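Below: the structure, in structure tokens.
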Amino acid sequence: MSQCQQRPPKSQLENRQAANRTTAVIVPALLIGIVGYATWIVVVLIGANYLIKHQSRNGAGIAVIVLYFIFLFPMAASYLRLLVTVPYPGYVEKGSPTAATPVKPPQETPPQHNVQASCTSTKVQDGTNQNNTKPRPAAPQEPPVTVLDTKAILSGELPPPPGTERFYSKEVFACDQNGLPIWCGTCNNWKPDRSHHGSDVGRCVLKMDHFCPWVGGVVGEQNFNFFIQFCSYAGVYALFVMIVMAVYISEARSRGNSLGGNWIAGITLGAVFTLFAGGMSLTSISLGLKNLTTIDNIGHQRRVMHIAVLIDPMQQRQPRPMSTDHVKHTHGSEESEDPWQGTITYPLNIMPDASSETTLPPRTSSASRTFAILRTHPGMNPWNLGAFRNFKSIMGDHWYDWFLPLRHSPCCNHDRGDSMYELGPDVERLKVDAGLSSSSKSRASSRRRHRKHRHHREDSEDMDIMGSTLANVNGVTGRERNSFESV
Ligand SMILES: [Zn+2]
């Protein structure tokens, strides 16, 4: 959803990537060492030596040992599954710099303030207003980031880089304020919906969640379910270790036995990893229930994005009631900002027919597809299907998939015709708001949605991000809006 991200100078980036590579090797080895140490403490010191050998409590000793391995096994299995998928978290194919003719080559990268202007979505995503930031020292240290010559592409002077058909063959896709798919200037390719460029690995990753040193790589679409399983099993395993150690430390103290340092280390490790893994598990499940990634969640409540929605050529756009200002409506009314930002017709060398004042632009050829560019309301997640369906889209359709680290998430299947990911009801509501759908049910739910968004706006006074986005949008799409508004 972000067009590009603020990247540290190259040397700093390279240092970080090198540090990540080292961490990716050391930390998994360290984790395996810690588990080995915990196994020795619980199985040998507690189960075999203390309970069976010294106390002659064979039943308790065997129970502790057996239970330990019952808790260890699913954690180890999910961790191995995760390690196997880490090299393939859902990387997006890199484009060829030579194929991207309409991009400005790196040496023509505009001054820093222009680069920031092309990163509107990132500013929104990060929840920070970067207008006040000082321009960073430019060029020589920057990695080669290509910038699309959007103006030339939209005017038809230059063809777009290859690959736009993957987007406009769908009915809905995430786009920039011009209706173009979002460009990654580092990967030299269009970014599929919900992908994010990970500077740690220098690649765009589908539904990238985060770079995880514990697994030595990126957690993304292909392994987020395994990550949740691993964290959950690790949390339960660590809780078991902590409880076992607490019980027998307490017992040993009451009997006046001396405690070894290993016992204290065991309960400490159990407590630390219960909190850490349990916290990661609950956080990840909570995000999964909302169909958000960790990156999506940054500034989510205030983020706006743009989506291109295929227009039915036979459809009349419904006039918006009370619409006096097509960009921003009266604050305090039930109406929110008009999502309609204009239209764009693909393939890009075919311009929309702007002759009609009252109908939507007809298709100019049987192959062309005209999309409405809609801006989402702040905090809207187009892919929010509802908590349970969100959960199943990540963890699997069957209950056993939720526990077994075997199959990839259903959301990894991108064979859908309408969109790369299944769309939630908010998209239909947005279409109602834009006059593209007249469902009375959707209108009622849309009004409820407006009230919710209005209350949220009143709670949040920091609308600088919205303001900067509106400014960018106005400059680009005024022509299209004037041509197609029906009121
Ligand atoms: Zn990228």
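Data for the structure
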item	result
Some residue of the stretch 77-97 being modelled with pLDDT of 50 or more, within 16 Å of the ligand (Cβ to nearest atom) and of a type in the set (A, V, I, L, M, F, W, C)	yes
Condition check for residue 201: surrounded by 24 or more Cβ atoms within 10 Å (Cβ to Cβ) and either assigned to a loop (DSSP other than H, G, I, E, B) or among the β-branched types (Val, Ile, Thr) (or both)	no
Filter result (in a loop (DSSP other than H, G, I, E, B) and within 11 Å of the ligand (Cβ to nearest atom)) within the stretch 204-214	208
Within the stretch 176-203, considering residues that are within 15 Å of the chain's Cα centre (by Cα) and away from the ligand (no atom under 12 Å from the Cβ), the one farthest from residue 308 (Cα to Cα)	194
For residue 257: the one exception among (1) touching a residue at least 60 places away in the same chain (Cβ under 8 Å); (2) out of contact with any Asp or Glu (no Cβ under 6 Å at 6 or more places or on another chain); (3) more than 16 Å from the ligand (Cβ to nearest atom)	(1)
Qualifying residue in the stretch 417-430 (condition: at pLDDT 50 or above, over 26 Å from residue 302 (Cα atoms) and not polar (S, T, N, Q))	yes
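The values are calculated or read from the model by the stated rules, or taken from the named source; none is laboratory data. Just so you know, these numbers come straight off a predicted model, no measurement behind them. Ideal geometry is used to build each Cβ from the backbone, glycine not excepted, and the neighbour counts take in all protein chains shown.
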